[in-house]
Amino acid sequence: MAKLPVVARSAIRKPNESMRLIVVTIVGVVFGFFIGISFPTVSITKLHFPSSIVSYIEDKNSGLSAQAILNHAWTAARNARGNGSQPNTNDTLKIYVPTNPRGAESLAPGIVVPESDFHQHRLWGNPDEDLPFKPKYLVTFTVGISQKENINRAVKKFSRDFAILLFHYDGRVSEWDEFEWSKRAIHVSVRKQAKWWYAKRFLHPDIVAAYEYIFIWDEDLGVDHFNGDEYIKLVKKYQLEISQPGLEPDKGLTWQMTKRRGDRQVHMVTEEREGWCSDPHVPPCAGFVEIMAPVFSRDAWRCVWHMIQNDLIHGWGLDFALRKCVEPAHEKIGVVDSQWIVHQVVPSLGNQGQSENGRAPWEGVRERCRKEWGIFQTRMAEAEKAYYEMMGVTPPNVTFVS
């Protein structure tokens, strides 16, 4: 009996299997196409397939149209692309700007506002119409109600270019409303604190950055021979970064450097008592003003603020260290002679102290001032010594007046 020829099974394919192979091939092409294209808006409906393929897909997937299946393929391809190494991953969509202020690194730079001011805004209207005029300078006084009339006279020496800020150490604020200017001024009230306590907490450089010069004055100053606008002109003319008005020679004078000279507009150096100045260019012979009525440029204040110690509220010793913040100090720190003041030496803040062991309140305050001076000098010396040791440099010899 003749044998039938043997035919390999692989040579026999059913029509359905052939069609399945074609469909798989086409679907693979579709996936490859949509993964490779760079325009996600391309629609799957733009592609056309032979009617036999479409009919086969629909027959094998009852209830689903061929278009729905292909759309599903498109969605899967798009998701696969989104989860790949393309630029718009979750990590790259996170904002991180290391040059932003500390704590604001996750914000887009365009929304970051690192500085502020004391400009007062309305509660209504358009924000960009709130400030038709902005003061250029800031004047601060640390005050008690007993010096109300003296401060009123002082404020009148400053034009509308100067914003006024009062720090109240006695808690009595509303009583100043009798003055029209007081209704426009900024008032900060914290009881029994000194000027440099307020300055450290309320005059951060980023808060006062809008002002070219910052006056940080005591309350007991006579200003009959002073004009704010003229003072600013001279400070700018002589390019003084830190300054003060000259002091009337006969009252409240401690240092020769701050004594008013009648033969000039400004001076930066002086001669002191023998042995007080190891170098003619260091305090108290130069690079020196007192802390009763200093005026700082915006840039100088940014440095000085960081030097003020949180716990040393009277500021004694700070005047000898101001030169650390400008260079060269003997040219950038000076006394304005032609705009001068009188130190009235009224111990009103001293009277806010507490009487102990039969001593007057002001005596305890004065003792605290002297202690703070010594503490500040020690801290400054130790900080500089540590820095020079870290840098491997021999520290210079510095002599402080005490």
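The values are calculated or read from the model by the stated rules, or taken from the named source; none is laboratory data. Quantities reported herein were computed from a predicted structural model and do not represent experimental measurements. For neighbour counting, all protein chains shown are included, and Cβ atoms are generated from backbone atoms with ideal geometry for every residue, glycine included. Please note that ligands, DNA and RNA were not included when accessible areas were found on the heavy atoms of the full protein model with its side chains. Shrake-Rupley method; radii C 1.70, N 1.55, O 1.52, S 1.80 Å.
Tabulated results
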item	result
Neighbourhood charge, 15 Å Cβ-Cβ cut-off, centred on Glu241 and excluding it, Lys, Arg +1 and Asp, Glu -1	+2
Carbon and sulfur %, accessible surface of segment 251-402 computed with the full protein complex present, 1.4 Å	48 percent
1.4 Å probe accessible area per residue over segment 247-385, in Å²	50 Å²
Test item: Cα-centred dipole of segment 149-192, Lys/Arg +1 and Asp/Glu -1 on Cβ, debye	160 debye
Size of electric dipole in segment 321-384: Cβ of Lys, Arg +1 and of Asp, Glu -1, about Cα centre, debye, nearest 20	140 debye
Carbon/sulfur fraction of accessible area - segment 124-188, other protein chains in place, 1.4 Å, %	48 percent
Lys371-Glu274 FRET efficiency (beta carbon distance; Förster radius 30 Å; 0.05 resolution)	0.60
Restricting segment 246-303 to GluC sites (Glu not before Pro) in coil, as DSSP defines it, with at most 13 other Cβ within 10 Å	Glu271, Glu274
Sites Phe202 and Ala360, calculated FRET efficiency, Cβ-Cβ separation with R0 25 Å, nearest 0.05	0.25
Candidates per trypsin sites (Lys or Arg not before Pro) in segment 176-279, loop by DSSP, up to 16 other Cβ within 10 Å	Arg184, Arg191, Lys192, Lys251, Arg261, Arg264, Arg273
Net charge of Cβ neighbours under 15 Å - reference His204; Lys, Arg +1; Asp, Glu -1	+1
Length released on extending from Arg261 to Ile186, taking residue separation times 0.36 nm less the Cα-Cα span	23.6 nm
Relative packing of 146-152, 210-216, which averages over residues the other C-beta atoms within 10 Å, highest first	210-216, 146-152
Cα-centred dipole magnitude for segment 235-297, charges only on beta-carbon of K, R (+1) and D, E (-1), debye, nearest 20	300 debye
Cα-projected label distance for His225 with Arg160, points at 7 Å along beta-carbon direction, nm	3.1 nm
Segment 155-241, accessible area per residue, ligands and nucleic acids excluded (1.4 Å, Å²)	43 Å²
